[in-house]
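Before any comments, here is the structure.
The values are calculated or read from the model by the stated rules, or taken from the named source; none is laboratory data. Since we're looking at a predicted model, the values are computed, not measured. Virtual Cβ from ideal backbone geometry, glycine too; neighbours counted across all protein chains shown. These area figures cover heavy atoms from the full protein model, side chains too; ligands, DNA and RNA do not enter into them. Shrake-Rupley method; radii C 1.70, N 1.55, O 1.52, S 1.80 Å.
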Amino acid sequence: MATLAQPDVVNAADEPKRPNIAKAGLPLPAVKDYAQVDREIMNTLKFSKGWFALLMVAVGLLAIGAASWIYQIYAGLGVAGYSPPVMWGVYIITFVFWIGIGHAGTLISAILYLFRAGFRTTIYRCAEAMTVFAVMTAGLFPIIHIGRPWKFFWLIPYPNWRLLWPNFKSPLVWDVFAISTYLTISVTFLFIGLLPDIATLRDAEKNPIKKQLLSILSFGWRNSENEWRHFARAYLFLAAFSTPLVLSVHSVVSFDFSMALVPGWHTTIFAPYFVAGAIFSGMGMVFTIIIPIRKWFKLEHYVTLNIMDAGAKLTLFTSLVVGCAYLAEFFIAWYSGVQVEQDYFWNRVFGQWWWTAWIMLTCNMILPLSLFSQKLRRNPAWLFILSLFINLGMWYERFVIIVPGLSHEFEPWQWGGYRPTWVDIGILVGSFGWFFMWFLLFIKQLPVIAIAEVKEIVPPRLRRPAAAHAAHGATAGGH
Amino acid sequence: MAQGMLGAFLEIDAACDAIAALRKGNVGAITVFTPTPRHEFEHALQPPKSPVRKFTLIGALSGATFGYWISIWGSNYWPMVVGGKPISTWIPYTIFAFELMVLVGGLSTVAGLFIMARVPRLTMTVGYDPRFSGSHYGVWVECAPEKLKEAETILRQAGAEDVRSEQ
């Protein structure tokens, strides 16, 4: 008679409160077999009124953004809040913000995969999708920022007769290569990971039209051992490529600033500072998304408190790195003895822009210290609230980097102010609508938790007791 | 035309036993279906290492070479002369080499996966059952007509829930 191998921990209430997150097979005690995984995850694809209402809100926000952009195209870039010397504003801030959000997806899906961190399994799909949609959102902003979007192809560096020669030493050209590569590899990584799950949806589908569509999308995937063998190798290499890629992309974005001779920008700390900030902000957005999803879709036994705890530790660590970078910036300005640098930082924290700097410091440095408490790390409501503060703080971090730098350069005649207009705000709001619209559409078409990967950590059904099976040379731990 | 016997198993150890017996009896070519990758099948089948890594290596090297080449060629063909500075310089051009190494290497890896796993596949062909993406493991033995009976016996003895002949 068939027996079901028992997982390490049987009762959800008995989950260890200090989980070993380095363990590859972090158990899901309440998930018993493959059929349960299929049933519960596929249930998330059913449409609901709440989902539809949220989609309408997202589309509404997008409409505000689209209307603002159309007005800007009609009236010219002057309707945005730019005034010399601050000619980079909300659009570039939001561009860096969304690129940063996109980093946690690859961190969770690729870097944690290479480290065999078990807590990634049930959250990586969500984070990967978030990455793709965040980079899609970020990619709009350089186009919005140039004012004449129909000339966006001028950004692409190819030899031409418009007297615009490709300058391969320009950080803006590096950006084009880095972000295009990042988007392509992120989409590829997401899609390859989805293939087995699309095949599962295809096989369970009753509607012939949908089944045909899913057959095409699944590329005829059959779950054969041969397919899995090549899949595992390809996935490993894609993860290995994505890991340095994620570090390079935000480093390249930081070079947009650090290559310029602007006080506060021209510093070697920018690349690691930006990468740590990106991962921190991405973790914030992961919590913003995953906490409502686990509640509304009743997936608390997949995204367990242990998984939240592990994610919160990662958030705390990146917050400490970011905080350290903030303090290092102040120290470098003081220790350099350069008056302009010192004035710039004084102006940033105690002068003209004090309120933005203190929002940043409070949200990114002070509030995350609460995660030293295990009780708060295991409290989804607090994690959700904190994640909103982190999102806000990280947007303001980019504001604090960009605007005070440009508004307080070397000479007093270069000093000025900056005030975003309703057009800037409308487009910022629209970017959230655009992002969440894609995300909401995604979660109702494709599984938000990777079915095949969750099955890997569910003990397989056995004919003989587990002890005999172990002697046979097999393990219940899976891949 | 492919002909053979298909067994559907609920238990992984039963499927592994069937594979071992089929290999021992040299009944025919075995294809295993599993809803999730399991090392148990790797141990039972002992397949060769996946050659996808070769696609990755060739793609990555080609991408890096192209990245350096395009930036050096572009700079020399449309020179931006700044006094005392080289027209081509390898340090910033390493960014292009790196990004294109990742891009071409990643896409080559996917191409390698598709070529080796033979996807996209236009039809499901014989020897597949929709249960194999759900809860069941499948063992398909492609064999000559005279060996079909032997294959069926082995699959049933191992504990297959369902056995059927297909062609």
- Message: Test of understanding: what is the full-extension gain from A:SER170 to A:LEU114, defined as 0.36 nm times their sequence separation minus their Cα-Cα distance?
- Response: 16.9 nm
- Distance between the range A:211-274 and the range A:343-422 - C-alpha centres, whole angstrom: 27 Å
- What spacing in nm lies between the two simple spin-label points modelled at A:TRP150 and B:ARG164, each 7 Å away from Cα in the Cβ direction? 6.0 nm
- Note on the structure: Given Cβ charges of +1 for Lys and Arg and -1 for Asp and Glu, the option among B:TRP90, A:GLN212, A:PHE52 whose Cα lies farthest towards the positive end of the dipole of the protein assembly as shown is A:GLN212
- Message: Run the helix sum for chain A: -39,500 (n - 2.57) per DSSP H stretch of 4+ residues, divided by residue count, reported at 222 nm to the nearest 500 deg cm²/dmol.
- Response: -21500 deg cm²/dmol
- Indicate the helices, whole DSSP H runs only, in chain A that combine a mean Kyte-Doolittle hydropathy of 0.5 or more with a Cα extent along their long axis of 27 angstrom or more. A:49-75, A:124-145, A:171-204, A:270-296, A:305-336, A:380-407, A:422-445
- What does the accessible area of B:PHE66 come to, in Å² to the nearest 10, when a probe of 1.4 Å is used? 100 Å²
- Note on the structure: Taking Lys and Arg as +1 and Asp and Glu as -1, residues besides A:ASN347 with C-beta under 15 Å from its C-beta add up to -4
- Item | Whole-number percent relative contact order across chain B, with pairs defined as alpha carbons under 8 Å at least 6 apart | 52 percent
- What does a probe at A:ARG419 reach in the range A:59-86, counting residues whose amide N is under 13 Å from the point 7 Å along Cα→Cβ? A:81-83
- Message: Output the 0 to 90 degree angle, nearest 10, between the alpha-carbon long axis of helix B:90-117 and the longest principal axis computed from the alpha carbons of chain B.
- Response: 20 degrees
- Message: So, for chain A, what is the accessible surface per residue at a probe of 1.4 Å, expressed in square angstrom?
- Response: 41 Å²
- One finds, for A:LEU327 and B:MET80 with R0 = 51 angstrom and r their Cβ-Cβ distance, a FRET efficiency to the nearest 0.05 of 0.85
- Task: List every residue whose amide H lies under 5 Å from the amide H of A:VAL86, counting only residues 5 or more places away in sequence or on a different chain, with H placed 1.01 Å from N in the peptide plane.
- Result: none
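Under 8 Å for C-alpha pairs, at least 6 residues apart: give me the relative contact order for the range A:3-471, rounded to a whole percent.
Numbers: 646 pairs, mean separation 156.4, N = 469.
Relative contact order comes out at 33 percent.
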- Message: Given points 7 Å out from each Cα along the Cα-Cβ axis, report the B:ILE91 to A:ILE366 separation in nanometres with one decimal.
- Response: 4.0 nm
- Task: Please work out the average accessible area per residue across chain B, using the 1.4 Å probe convention, and give it in Å².
- Result: 47 Å²
- According to a simple spin-label model (label point 7 Å from Cα along Cα-to-Cβ), what is the distance in nm between B:THR153 and A:VAL338? 8.6 nm
- Note on the structure: With a 1.4 Å probe and ligands and nucleic acids left out, the total accessible area lost when B pairs with A, in Å² to the nearest 100, equals 6000 Å²
- Share of Cα-Cα pairs in the range A:3-471 beyond 39 Å, whole percent, is 26 percent
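A:SER83 to A:GLN36: FRET efficiency via 1/(1 + (r/R0)^6), r the Cβ-Cβ distance, R0 60 Å, to the nearest 0.05? Don't skip to the end; give the middle numbers.
On the way: r = 60 Å, r/R0 = 0.99.
After rounding, the FRET efficiency stands at 0.50.
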- Determine the residues within the range B:36-69 where the difference in accessible area between the chain on its own and the full set of protein chains amounts to at least 50 Å²; count protein heavy atoms only and use a 1.4 Å probe. B:THR36, B:PRO37, B:ARG38, B:HIS39, B:GLU40, B:SER50
- Query: What is the helix-to-structure angle for B:148-158, meaning the angle in degrees between its Cα long axis and the longest Cα principal axis of chain B, kept from 0 to 90 and rounded to the nearest 10?
  - Reply: 90 degrees
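Once the Cβ-Cβ distance between A:LYS211 and B:ALA29 is put in as r, and R0 is 30 Å, what FRET efficiency do you end up with, to the nearest 0.05?
Values: r = 29 Å, r/R0 = 0.95.
E between A:LYS211 and B:ALA29, to the nearest 0.05, is 0.55.
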- Task: Provide the per-residue ³J(HN,Hα) series for the range A:110-115, in order, calculated from phi with Karplus coefficients 6.51, -1.76, 1.60 and θ = phi - 60°, each as a whole number of Hz, with x at glycine and proline positions.
- Result: 9, 5, 5, 5, 5, 7
- Item | Computed helical MRE - 222 nm, chain B, DSSP H runs ≥ 4 contributing -39500 (n - 2.57), nearest 500 | -17000 deg cm²/dmol
- Task: Can you send over the carbon and sulfur percentage of the accessible area for the protein assembly as shown, probe radius 1.4 Å, protein chains only?
- Result: 69 percent
- Note on the structure: Counting only backbone N atoms under 15 Å from a point 7 Å out along Cα-to-Cβ of A:LEU392, the residues of the range A:335-375 in range are A:355-368
